[in-house]
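Here the structure is laid out as structure tokens; the discussion comes afterwards.
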Amino acid sequence: MAKIQVMSDHLSNLIAAGEVVSRPMNIVKECIENSLDAHANSIEIEVFEGGISGVIITDDGDGMDPEDALLAFSNHATSKLKTEDDLFKIMTMGFRGEALASIGAVASVDLQTNDGNQGTHIKFEYGSNTLHEEYACPKGTRIEVRGLFSRTPARLKYLKKANYEFSVIAEAVNKLALSHPNIRFLLKHDGRTIFQTSGKGNQKEVLYQMYGREAAENCLPFSASSDDFQIDGYAIQPKISRASKNSIYVSINSRIIRSWPITNAVVEGYREYLPKDRYPIFLINIEVDPQLVDVNVHPNKLEVRLSKEEFLSQLIINTIENLFYDQLDTPSIDDSY
Ligand code: ADP
Ligand code: MG
């Protein structure tokens, strides 16, 4: 008898969940990304005990019809990717169709959604659909996730204290707000408002929320472009600096990513203005033809492969150097005599 069996959907979702959902932050991030893809103008995030006891994400986006609302929990079910071609020009935050399937495999999910025609209420708990009914709710989507990992104790044990888990969530929400200043964000923890943005499109406002007045007052806007890249953002004056590179934010086509080459280019641009081991607060938005970016590197979508990266790095270095050139303490010509 053949020994090989195709896995059940639930088993493959549990395995995928290991890569997609390792802590409450991943749930918050995936749900916010879905809200962004659904054209939401406002996204509210409520977190309970660092997300360990639950999270609720509410948006005013497109919503789903009753059939899609259930399909969304199936593995590889997505409305964002239809052909092989699409994979090479991704403009949405999601495309792998595995977030809701993964979350539904390891937690209890209560989904309320309305596409403007009809409201639907669905429960999906640890891999099983337990409720699917018509329901009166406002247009948009509300997802409540409870009991994360309560049936996978090894994973549950890996979670840290509520305060730590919340700090990771807050950082992720900050980054999403920073790269989407035209969307209103509200983040609450155990009933307290921690962070909110107006959605009026001002990244400086978001930086103010994150770093306070002094940083916001000392940020210089910049922009530059080349044939392939258009860059803009805010450079905080070197008199305010940090001990780590964590405050260098790189957004490519509205997705905040991790990129050592670009981060290093920023550090290099500041080299003359900052002591060794001090790093700037810096935000750069990069617009590039999606065909030059490959987002499909890892399920967490944090890393990308970028064509012509060296060229981009040089553009960034030059832009920063020019920005601060006036402040450089160059010896005057007379000094050389
Ligand atoms: P992906 O985002 O990669 O497509 P997900 O598992 O995150 O995969 O979501 C599956 C599908 O469910 C999405 O493609 C989208 O059609 C739908 N969906 C999920 N969340 C929302 C939301 N907040 N509003 C509208 N549709 C949603
Ligand atoms: Mg998604």
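Derivation of every value follows stated rules applied to the coordinates shown; laboratory data play no part. Quick caveat: nothing in here was measured; it's all calculated off a predicted structure. We place every Cβ from the backbone using ideal geometry, glycine too, and count neighbours over all the protein chains shown.
When the Cα positions of 87, 16, 41 are compared along the charge dipole of the chain, 16 comes out farthest toward the positive end, with charges on each C-beta of Lys, Arg, Asp and Glu. All C-alpha pair distances within the range 9-196, sorted into 5 Å bins from zero, spread as 1, 8, 17, 21, 22, 18, 10, 3, 0 percent across the bins. The charge dipole of the range 215-327, taken about its Cα centre with unit charges on the Cβ atoms of Lys, Arg (+1), Asp and Glu (-1) only, comes to about 560 debye. Estimated from the Cβ-Cβ distance and a Förster radius of 22 angstrom, the FRET efficiency linking residue 202 and residue 322 is about 0.40. Which one, 221, 275, 138, has the greatest fluctuation when you compute a Gaussian network model over the chain with C-alpha springs under 10 angstrom? Of 221, 275, 138, the Gaussian network model singles out 275 as fluctuating most. Approximating the spin labels as points 7 Å out from Cα along Cα→Cβ, the residue 156-to-residue 303 distance works out to 3.2 nm.
Among 31, 219, the order by Cβ neighbours within 10 angstrom, fewest to most, reads 219, 31.
Shown here are the Rg and Dmax of the Cα trace of the chain, at 22.1, 92 Å. Helical content alone sets the calculated 222 nm signal of the chain at -9000 deg cm²/dmol, taking -39,500 (n - 2.57) per DSSP H segment of four or more residues and averaging over every residue. Where does the Debye-calculated log10 I(q)/I(0) of the range 169-284 sit at q = 0.12, 0.23 Å⁻¹, using only Cα point scatterers of equal weight, no solvent? Ignoring solvent entirely, the Cα scatterers give -0.43, -1.45.
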